[in-house]
1. Go through region B:26-59 and report how many residues are in a helix (DSSP H, G or I) and within 14 Å of chain A (Cβ to nearest Cβ).
2. Taking the stated definitions as given, is A:Lys50 away from ligand 2 (no atom under 16 Å from the Cβ) and at positive phi?
3. Tell me which residues, restricted to region A:96-113, are buried (at least 23 other Cβ atoms within 10 Å of the Cβ) and either within 13 Å of another protein chain (Cβ to nearest Cβ) or of a type outside the set (Gly, Ala, Ser) (or both).
4. Among the numbered criteria (1) assigned to a loop (DSSP other than H, G, I, E, B); (2) within 12 Å of another protein chain (Cβ to nearest Cβ), which single criterion is violated by B:Leu160?
5. Let me spell it out: the conditions are (1) modelled with pLDDT of 95 or more; (2) surrounded by fewer than 23 Cβ atoms within 10 Å (Cβ to Cβ), and B:Pro13 meets all of them except one. Which number is the exception?
6. How about region B:131-157: which of its residues are within 16 Å of ligand 1 (Cβ to nearest atom), away from chain A (no Cβ under 14 Å) and in a helix (DSSP H, G or I)?
7. Among (1) open to solvent by less than 20 Å² (accessible area, probe 1.4 Å); (2) away from ligand 2 (no atom under 16 Å from the Cβ), which single condition is B:Thr81 missing?
Amino acid sequence: MSAAAPAPAGWHDCRDTFSRTVEALAEADPRIVTVVSDSVGSSKLVNFRKRWPERMVNVGIAEQTVVAVGAGLANGGKIPFVSAAACFLTARAMEQIKADVAYTNVNVKLIGQSSGIAYGELGPTHHSIEDMAWLRLLNNLTLIVPSDPWETEQAIRAAAALDGPVFIRVSRMPVPDLKRSNAKFEIGRAETLREGNDLAIIANGVMVHRALAAAEALAADGIAARVVNMSTVNPLDEATILEAAKTGAVVTVEEHSVRGGLGGAVAEVLATHDPVPMRILGFPGFLPTGSADWLLEHFHLNAAGIADAARQLLARK
Amino acid sequence: MTFPASAELRNDPVALIRDKALWIRRRSFQMVYEAQLGHPGGDFSAADVLATLYFGVLRHDPADPRNPARDRFVMSKGHCTGAFYAVLAAAGFFPEADLSTYMQPLSKLNGHPNRNYLPGVETNTGPLGHGLPVSVGIAIAGQIDKADYRTFVLTGDGELQEGSNWEAALTAGHRKLENLTLIIDRNRLQQGARTEETASLDPLDDKWRAFGWHVEMVDGHDHRALYEVLSASPKGRGKPLCVIANTFKGKGVSFMHDNVAWHHGVPNQEQYEQAMRELV
Ligand SMILES: Cc1ncc(C[n+]2csc(CCOP(=O)(O)OP(=O)(O)O)c2C)c(N)n1
Ligand SMILES: [Mg+2]
């Protein structure tokens, strides 16, 4: 649905990881079903449908119903993976997510596909840069924003193993495999990908590899930036945020509105316990026309933009 | 604002509509080809309806696009901006040259229509299932004011799977909104498959009748039939009108005809050139 920018070799569309993982899980556990709203192709579930046509429920273009039917399937003992474009799955079905899934506290896995600004030129109706804000304040709902294929697979496996509602953002924007010395995924635990004590950059999703590149650029200036991957947004790893505050300055970076998302969550913790100078990097709101890559550059959500913001912040430390 | 008024139109409305429909197909396909983005299958199924509305039915004034007396048109299937922007440019709402900026950085011609960027757009669409409820609101305002304008809305057929349409249908039937016309682009295809293989809609006409609507079924590529059913006065009907326009996705180009791959497929150079040879 969007002109594919040629991705660097070896980078990945995490939707492929999603479909591969959900198929592997479905082989082992007959309770797993997929629930879609005319979103088979965009969720990369064509092969799942081929293998288990009776275990896919396609309700048509009806996101409120896709979420509510997921809740009903969970009641009937299934483990439903409800998969649709993140923008419609959240904006259209927020009350179903709130009441039928989170408040009722049922075992539904919501997969927000092509989250963030991946749909670029298709505009603000198709961007999903409000979802972290809307979702993170729902009790019971685990919210995960994975950064690369490895973490996407871990998040999906952890979600299947957890008896409770989970929302996972799955990006279609190509990302590299992140290097990890100690790869261990745990829901609710942030991951420090790079040590440093001059300031901390807290990012998630497709912004993590950009934050790492920014830290590399800052190192060339003699600035040691810590990089924290805050992939679980709910429940929030407050201890790691407070550790980051000890550096004296915190930059947050998200593929989301600057209001109410990861930056808002971190700010709530810092303002309450240990206020330090902070910058929140993200998008300003409804965006102009442009491709995903163009939008990221235009709003300085790249390594250079993150490094610049960090330098400016250090001056206030 | 007494459109239809042009000499061209008084002479032969159907010939004018036919010419414009062809132009819309060619120009929108060029836009999609250049942007390498868009929804050309649905552009082509809707091209004849759009040409009929803008060149035979709607009373509008591009020089005064928010004139309170205008007929309203809401493009609920907002993904088909190729055809929608082409018809707005053809009708004079903005310069034709702007079409070349389709989906380029900072363009007013976003992938989905934005009323704050472009004259002639009544409401921002893109998420399916919004156009009819908004149009019901417009029609109720007209009913309260005893205004003369009519409100038209074009939806897809897959789009009707969104429940919001049926909530709005109840209100429209209940309030006997004869000033409201819904046109359904019944191409029988949605994004990934046929509607009847996904969440079936048939018998579609009976559903609308049951909700208190008057239903007309037309060949959605027959300009004369569309012109007659859409330009007929609604006065005294006492019900909202639902026009089921039976169409084909990709209509006009052999390899796109009734082919779901062209929902958001985009042409390579060879396909583009072949399509242009066929669209004459
Ligand atoms: C609420 C919502 N869900 C999903 C989509 C994604 N989508 C865009 S077009 C489309 C299929 C529309 O089919 P139909 O209404 O039949 O339109 P047409 O065949 O005329 O293109 C879908 C699912 C959307 N735009 N809005
Ligand atoms: Mg259709």
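1. The qualifying residues number 8.
2. So A:Lys50 fails the test.
3. A:Gln96, A:Ile97, A:Val101, A:Val108, A:Lys109, A:Leu110, A:Ile111, A:Gln113
4. Among (1) assigned to a loop (DSSP other than H, G, I, E, B); (2) within 12 Å of another protein chain (Cβ to nearest Cβ), B:Leu160 violates only (1).
5. (1)
6. Listed by number, the list holds a single entry, B:Ser135.
7. (2)
A quick yes/no check of all residues on (1) of a type in the set (A, V, I, L, M); (2) away from chain B (no Cβ under 11 Å); (3) farther than 19 Å from A:Glu130 by Cβ:
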residue	(1), (2), (3)
A:Ser39	no, no, yes
A:Leu45	yes, no, yes
A:Val59	yes, no, yes
A:Val67	yes, yes, no
A:Ala74	yes, yes, yes
A:Phe81	no, yes, yes
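The values are calculated or read from the model by the stated rules, or taken from the named source; none is laboratory data. These numbers come from a predicted model, not from an experiment. Methodologically, a virtual Cβ is constructed for each residue, glycine included, from the backbone with ideal geometry; neighbour enumeration extends over all protein chains shown. To get the accessible areas, we keep the full protein, side chains included, count just its heavy atoms, and leave off ligands, DNA and RNA. Shrake-Rupley method; radii C 1.70, N 1.55, O 1.52, S 1.80 Å.
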